[in-house]
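Some notes on the structure that comes next.
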Amino acid sequence: MRTTVATISAIMLLLTSGAYAQAKQPEVSKKDSWMTYRLTHPLHEIEATSKDVEYRVDADAAKKEVRAVSAVVDVTTFNSGNSNRDSHAMEVIDAIDFPEVTFVSSSVVQAGDSLKIAGKLTFHGVTQEIVMMARPRWAPDTLDVSGQFALSLTAFQIERPSLLMIPVEDALRFTFDAVFVLK
């Protein structure tokens with residue numbers, strides 16, 4: 001009887017540990033992942049990039065299926081190459097009071113080789129539902145999800161900065177690339 005209980009226990013342990021191993025989620029490759037924003041003014045464009053985004057994905061590599069995504073970025077990690085401009089941008093978005101931007105998906109719909117990702121984005125203390133398009137690229141050891149979205153500065157209660165009394169466009173455009181290690 002002891003042998004039977006021990007055998008059943010060992011089999012259950014192996015089965016559950018196998019299930020947990022399959023459920024292990026991919027980890028982001030920080031060195032390969034980034035997010036960039038672009039702000040447009042009639043006289044020039046401003047572009048800044050952060051290489052310090054905390055991306056997470058719930059994905060099934062066997063089915064090549066992305067089920068959920070999330071991201072968190074500290075706004076002070078964006079770098080435009082001009083520290084004065086970056087400091088002013090942090091003032092405009094109240095980075096001391098609102099240091100993080102977060103996104104959590106509520107749905108991910110795959111259509112061919114594209115993903116339509118809907119979810120809640122919190123920026124400047126305001127949460128809005130947004131939709132973004134992304135493209136997953138599956139390789140044997142990696143999942144690379146790249147995409148883009150735009151948001152309205154005024155919808156997030158941010159006063160549009162001006163240069164020569166001309167405000168920037170209301171749209172703040174983002175591109176991103178999140179690379180995950182599958183093994």
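What follows draws every value from the coordinates through simple rules; no lab data is involved. None of these values were measured; they are calculated from a predicted model. Note that each Cβ is placed from the backbone with ideal geometry, even for glycine, and that neighbours are counted across all protein chains shown.
Are there any trypsin sites (Lys or Arg not before Pro) in segment 26-86 that are in a DSSP loop and have at most 16 other Cβ atoms within 10 Å? List them by number.
Answer in residue order: K51, K63, K64.
Within 10 Å, Cβ to Cβ, of V92, how many net charges do the neighbouring residues add up to if Lys/Arg are +1 and Asp/Glu are -1?
-2
Work out the length of the dipole vector of the chain about its Cα centre, built from +1 on the beta-carbon of each Lys and Arg and -1 on the beta-carbon of each Asp and Glu, and round it to the nearest 20 debye.
900 debye
For q = 0.12, 0.19 Å⁻¹, what log10 I(q)/I(0) does the chain give under the Debye formula with an equal point scatterer on each alpha carbon and no solvent?
-0.64, -1.27
Taking a threshold of 22 Å on the Cα-Cα distance, which of the pairs K64/K116; K51/K116; K30/K63; K64/K120; K120/K183 fall above it?
Long pairs (Cα-Cα over 22 Å): K51/K116; K30/K63; K64/K120; K120/K183.
Determine the sum of side-chain charges near S107: Lys and Arg each +1, Asp and Glu each -1, restricted to other residues whose C-beta is under 14 angstrom from that of S107.
Summing Lys/Arg as +1 and Asp/Glu as -1 gives 0.
At 7 Å along the Cα-to-beta-carbon direction for both M133 and K30, put a label point, then send me their distance in nm to one decimal.
Modelled inter-label distance: 3.3 nm.
Given the options S29, S83, S106, state which has the largest fluctuation in a GNM of the chain using a 10 Å cut-off (strictly under) for Cα springs.
Highest fluctuation of the listed residues: S83.
Per residue of segment 96-106, what does 6.51 cos²θ - 1.76 cosθ + 1.60 with θ = phi - 60° give for ³J(HN,Hα)? Whole Hz please, x for Gly and Pro, Karplus curve as stated.
Whole-Hz 3J(HN,Hα) from phi for segment 96-106: 5, 7, 10, x, 10, 10, 10, 9, 9, 6, 10.
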